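What follows is a set of notes on a single structure, which appears directly below.
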Amino acid sequence: MALCDGLGGAELAAFHDIGRRRRLSAGQAFGWSGDPASHCANLVSGVLKVSRVEADGGVQIVGLLYPGDFVGALFAERCTDTIAALSDADLCVYPCLPLEALLARHPAAGRLLLRRTMATLAEVRRWMPMLARARAEARVAALLLDMARRGEAERDATFRLPLSRGAMAEALGLAVETVSRHMTAFQQDGLIALSGLRGVRLLDRARLAGIAG
């Protein structure tokens with residue numbers, strides 16, 4: 001559920017007064033690690049990646065954000081992670097200080113935002129075990145299941161991939177050719193059916209889950 005979907009009339013009007021829409025192109029950053037934490041947002045469409053610089057200087061993707069997720073952090077001086085678009089994205093953006101003041105005036109909106117923020121954090125934490133899997137096919141299977149679940153796939157498990165093969169490879173730390181090879185293998189093994197550039201139908205969730213571990 002997107003943040004604004006759960007607001008009453010007064011709270012919704014107050015959010016609209018301080019919010020604005022922003023479009024991000026694939027690859028464009030919403031915020032960089034170490035920057036002042038001046039804005040946060042609710043993701044309306046698209047997929048964002050959350051990445052973090054490790055002690056050795058390497059960059060690790062630590063989570064993905066989907067529509068309805070809360071982006072950024074309130075009550076923080078600086079951004080701890082870099083957040084960038086894996087696909088073209090649309091966001092409702094709010095300046096942090098006015099939003100913090102709004103939440104103080106509207107406790108119900110504050111409780112709703114807390115639930116949304118905790119839900120987003122829980123989803124990001126799901127990402128770490130996926131990336132820790134050594135086998136490439138396990139990562140690809142887990143990402144397919146995650147995208148189907150987060151994308152609210154229909155009863156027949158049909159959904160549209162929100163990411164290109166290149167973006168999937170970037171998210172998983174794999175080569176594009178590796179992702180394409182495993183997608184083709186899953187199709188040949190009867191686990192998925194592909195249609196067009198982005199259409200996917202999960203034919204055997206149980207076997208995919210077994211591969212994902």
Measuring from the longest principal axis of the C-alpha atoms of the chain, the long axis of helix 96-105 (C-alpha) lies at a number of degrees, nearest 10, equal to 70 degrees
Give the shape of segment 1-73 as rounded, prolate or oblate, defined through the alpha-carbon gyration tensor: a ≥ b ≥ c are the square roots of its eigenvalues, a/c under 1.5 means rounded, and otherwise the shape is prolate if a/b is larger than b/c and oblate if not.
-> prolate
From the backbone phi of segment 45-51, what are the Karplus-calculated ³J(HN,Hα) couplings (6.51 cos²θ - 1.76 cosθ + 1.60, θ = phi - 60°) in whole Hz, Gly and Pro given as x?
-> 8, x, 10, 10, 10, 10, 10
Percent of Cα-Cα pairs per 5 Å bin, from 0 to the last occupied bin, for segment 156-213, please list those.
-> 4, 19, 25, 31, 19, 2
The chain accessible area per residue, 1.4 Å probe, protein heavy atoms, integer Å², reads 50 Å²
Given H placed 1.01 Å from N in the peptide plane, which residues other than close sequence neighbours of Phe30 have an amide H under 5 Å from its amide H?
-> Ile83, Ala84, Ala85
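Report in % the part of the accessible area of the chain that belongs to carbon and sulfur, leaving out ligands and nucleic acids; probe 1.4 Å. Please report the intermediate quantities before stating the final value.
Details: 5720 of 10730 Å².
Percent of accessible area from carbon and sulfur atoms in the chain: 53.
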Compute the acute angle (0 to 90°) between the alpha-carbon long axis of helix 176-188 and the principal axis of greatest extent of the alpha-carbon atoms of the chain; round to the nearest 10°.
-> 60 degrees
Only Cα pairs under 8 Å and at least 6 apart count here; give the relative contact order of segment 62-125 as a rounded whole percent.
-> 61 percent
Work the Kirkwood hydrodynamic radius out for the chain: mean of 1/r over every pair of different alpha-carbon atoms, inverted, in Å.
-> 18.2 Å
The chain: relative contact order in percent, alpha carbon pairs under 8 Å with at least 6 residues between | 20 percent
In degrees, nearest 10, range 0 to 90: what is the angle between the Cα axis of helix 9-18 and the longest Cα principal axis of the chain?
-> 90 degrees
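The values are calculated or read from the model by the stated rules, or taken from the named source; none is laboratory data. Just so it is clear, the model here is predicted, and its values are computed rather than measured. Accessible surface is based on the protein model in full, side chains and every heavy atom, while ligands, DNA and RNA are left aside. Shrake-Rupley method; radii C 1.70, N 1.55, O 1.52, S 1.80 Å.
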